[in-house]
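Take a look at the structure set out below.
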Amino acid sequence: MKIPFVDLNRIHDSLKKEILDEISNLFEDSSFILGNRVSEFESNISKFLGADCLSCASGSDALLLSLMASGIGQGDEVITTPFTFFATAGAIARLGAKPVFVDIDETLNIDVRKIEEKITSRTKAIIAVHIFGQACDMVSINSIAQKYNLVVIEDACQAIGAKFEDKYVGTIGDFGCFSFFPTKNLGGAGDGGLVVVKSYDNFSLVKKLRVHGSAKKYIHDVVGINSRLDAIQAVILNIKLKYLNVYNEERIKIARRYFEELKGVEFPKILSNVKHVFHQFSILVEEEKRDLLIEYLNENGIGAGVYYPKPLHLQECFEVYDYKQGDMPVCEDVCKRVLSLPIFPGMKDEEIDFIIEKVNCFFKNGYVD
Ligand SMILES: *Cc1c(COP(=O)(O)O)cnc(C)c1O
């Protein structure tokens, strides 16, 4: 049996005709960038999330726009996690601000107990990343932010549809950032992103910043960027949004089987007051066994991935900040032991059976064929 790490055709096959018909209509009016289809998507997703949303060109830009709208720049510090996709910290550094990393806990999200000790007079914001689809403890993060007057930006790129208590992630802080990269829980056929903006003033500011700081054509009161969603992505996202909850429920069902049937592996902790949407299903194994398990799964036709093999505080481009090995012990340990198994809507029961059988066999018998 061949089971890829992710197979987007499983959901696209049944949607392709509807998508292609809509794209063909789009060519009739050639409204390719922003325009009515993008507005329609913004309105649909705002309704879904229950908060005002502006689309943009990528999740990375959603982070950048949120930081820009918060006035973050040279000399400022922004607190975030070292266990995330590079874009989270990259957006901070691009604006001349310093990413201040705080170690993670057993949920693999930022350890909220360690945030306060990293706050200085230069700290302006916290970027809370809901890694792999599980919400951070937003009550603690919001209360720390309130105490020190910090902006809260949620990097919810992996967590669309996830909840903290009864609220959708991305709608809890001052800004929420989403990505529509094809493999995300809601993905387009190219790049795309979304910013949830809580305040009216910030909403008009982000709306301006995504089109070179211009609210009125050819009048620029601030320097912005070019970051817009295109209509082809909006068409696809409008169609797929209708099924987002169904897709997320499928992921949750697969995860439940893994939790119940995998033996001898450690799972990251899941908080009791969250709805996890399993962008990734990660397990933790002994360091010496991780790469062997991947090899074993690959030899059996099963895809597997490592998210993330290297903590951000140890990346070469951040050497200027003087972080060193040992600064974030939990994250460093997790990077050596973490492994993601296939989890995607449209996976067949036999495929899940086979993966469970192979992982269990590996731990029972060691690496044998
Ligand atoms: C995917 C992702 C991003 C960036 O999104 P792009 O749309 O690829 O720019 C940012 N943060 C996290 C946590 C992500 O997973």
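The values are calculated or read from the model by the stated rules, or taken from the named source; none is laboratory data. This is a predicted model, so every value here is computed, not measured. Here the Cβ positions follow ideal geometry from the backbone for every residue, glycine too, while neighbour counts run over all protein chains shown. Ligands, DNA and RNA are stripped out before the accessible areas are found, and what is left, the full protein with its side chains, is counted by its heavy atoms. Shrake-Rupley method; radii C 1.70, N 1.55, O 1.52, S 1.80 Å.
Just one of the listed residues (Val196, Val235) is of a type in the set (A, V, I, L, M, F, W, C), within 19 Å of Ala87 (Cα to Cα), surrounded by 19 or more Cβ atoms within 10 Å (Cβ to Cβ) and away from the ligand (no atom under 14 Å from the Cβ), and it is Val196. Any chance you could count how many residues in region 202-217 are modelled with pLDDT of 95 or more and exposed (fewer than 13 other Cβ atoms within 10 Å of the Cβ)? The number of residues fulfilling the criteria is 0. Could you list all residues from region 271-299 that are assigned to a loop (DSSP other than H, G, I, E, B) and of a type in the set (S, T, N, Q)? Listed by number, the residues that qualify are Ser272, Asn273, Gln280.
Counting just the residues of region 1-13 that are more than 24 Å from the chain's Cα centre (by Cα) and modelled with pLDDT of 95 or more, which one comes out most open to solvent (accessible area, probe 1.4 Å)? That would be Lys2. Checked against (1) within 16 Å of the ligand (Cβ to nearest atom); (2) open to solvent by less than 10 Å² (accessible area, probe 1.4 Å), Asp111 passes all but condition (1). Considered as a group, the residues in region 34-44 that are open to solvent by 10 Å² or more (accessible area, probe 1.4 Å) and in a helix (DSSP H, G or I) include one that is nearest to the ligand (Cβ to nearest atom), and that residue is Glu42. Residues that are touching a Pro at 6+ places or on another chain (Cβ under 7 Å) and either at pLDDT below 95 or closer than 20 Å to Leu297 by Cα (or both): does region 316-328 have at least one? Scanning region 316-328 turns up no residue that is touching a Pro at 6+ places or on another chain (Cβ under 7 Å) and either at pLDDT below 95 or closer than 20 Å to Leu297 by Cα (or both).
May I ask you to say which residue of Leu284, Leu292 is modelled with pLDDT of 95 or more and open to solvent by less than 30 Å² (accessible area, probe 1.4 Å)? Don't jump to the end; show me each part of the working.
Values: Leu292 fails: open to solvent by less than 30 Å² (accessible area, probe 1.4 Å).
One residue alone meets the criteria, Leu284.
Arg257 meets all of the listed conditions (1) surrounded by fewer than 20 Cβ atoms within 10 Å (Cβ to Cβ); (2) more than 16 Å from the ligand (Cβ to nearest atom); (3) under 27 Å from Ile92 (Cβ atoms) but one, namely (3). So is Arg228 among the basic types (Lys, Arg), at pLDDT 95 or above and open to solvent by less than 70 Å² (accessible area, probe 1.4 Å) or not? Criteria not met by Arg228. Kindly indicate the residue of region 69-86 that is within 16 Å of the ligand (Cβ to nearest atom) and assigned to a loop (DSSP other than H, G, I, E, B) and also surrounded by the fewest Cβ atoms within 10 Å (Cβ to Cβ) among those meeting that condition. In this case the residue turns out to be Phe86. Among the conditions (1) over 30 Å from Leu312 (Cβ atoms); (2) of a type outside the set (Lys, Arg); (3) assigned to a loop (DSSP other than H, G, I, E, B), Phe27 misses just one, which is (3). When the residues of region 255-270 are filtered to those that are touching a strand residue (DSSP E or B) at 6+ places or on another chain (Cβ under 8 Å) and assigned to a loop (DSSP other than H, G, I, E, B), the one that is farthest from Lys348 (Cα to Cα) is Pro268. What number of residues within region 87-101 are open to solvent by less than 10 Å² (accessible area, probe 1.4 Å), more than 10 Å from the ligand (Cβ to nearest atom) and part of a helix (DSSP H, G or I)? Of the residues in that region, 1 qualify.
If we scan region 155-178, do we find a residue that is more than 30 Å from Ile252 (Cβ to Cβ), away from the ligand (no atom under 16 Å from the Cβ) and surrounded by 15 or more Cβ atoms within 10 Å (Cβ to Cβ)? If you could, list the steps in order and put the result at the bottom.
At the first step, the residues of region 155-178 found to be more than 30 Å from Ile252 (Cβ to Cβ) are none.
No, because not a single residue in region 155-178 is more than 30 Å from Ile252 (Cβ to Cβ), away from the ligand (no atom under 16 Å from the Cβ) and surrounded by 15 or more Cβ atoms within 10 Å (Cβ to Cβ).
For region 14-30, which positions are surrounded by 15 or more Cβ atoms within 10 Å (Cβ to Cβ) and either among the polar types (S, T, N, Q) or out of contact with any helix residue (DSSP H, G or I) (no Cβ under 8 Å at 6 or more places or on another chain) (or both)? Selection gives nothing.
Condition first: assigned to a helix (DSSP H, G or I), surrounded by fewer than 19 Cβ atoms within 10 Å (Cβ to Cβ), free of Cβ contacts under 8 Å to residues at least 60 places away in the same chain and away from the ligand (no atom under 16 Å from the Cβ). Can you find one or more residues in region 45-68 that meet it? Show your work before the answer.
So in region 45-68, the residues assigned to a helix (DSSP H, G or I) come out as 45-49, 59-68.
The next check asks that each one be surrounded by fewer than 19 Cβ atoms within 10 Å (Cβ to Cβ); those that pass are 46-48.
Applying the additional criterion that residues be free of Cβ contacts under 8 Å to residues at least 60 places away in the same chain yields 46-47.
Applying the additional criterion that residues be away from the ligand (no atom under 16 Å from the Cβ) yields 46-47.
Among the residues of region 45-68, at least one is assigned to a helix (DSSP H, G or I), surrounded by fewer than 19 Cβ atoms within 10 Å (Cβ to Cβ), free of Cβ contacts under 8 Å to residues at least 60 places away in the same chain and away from the ligand (no atom under 16 Å from the Cβ), which makes the answer yes.
When region 348-369 is limited to residues that are modelled with pLDDT of 95 or more and in contact with an Asp or Glu (Cβ under 8 Å, 6 or more places away or on another chain), the one that is nearest to Met1 (Cα to Cα) turns out to be Ile356.
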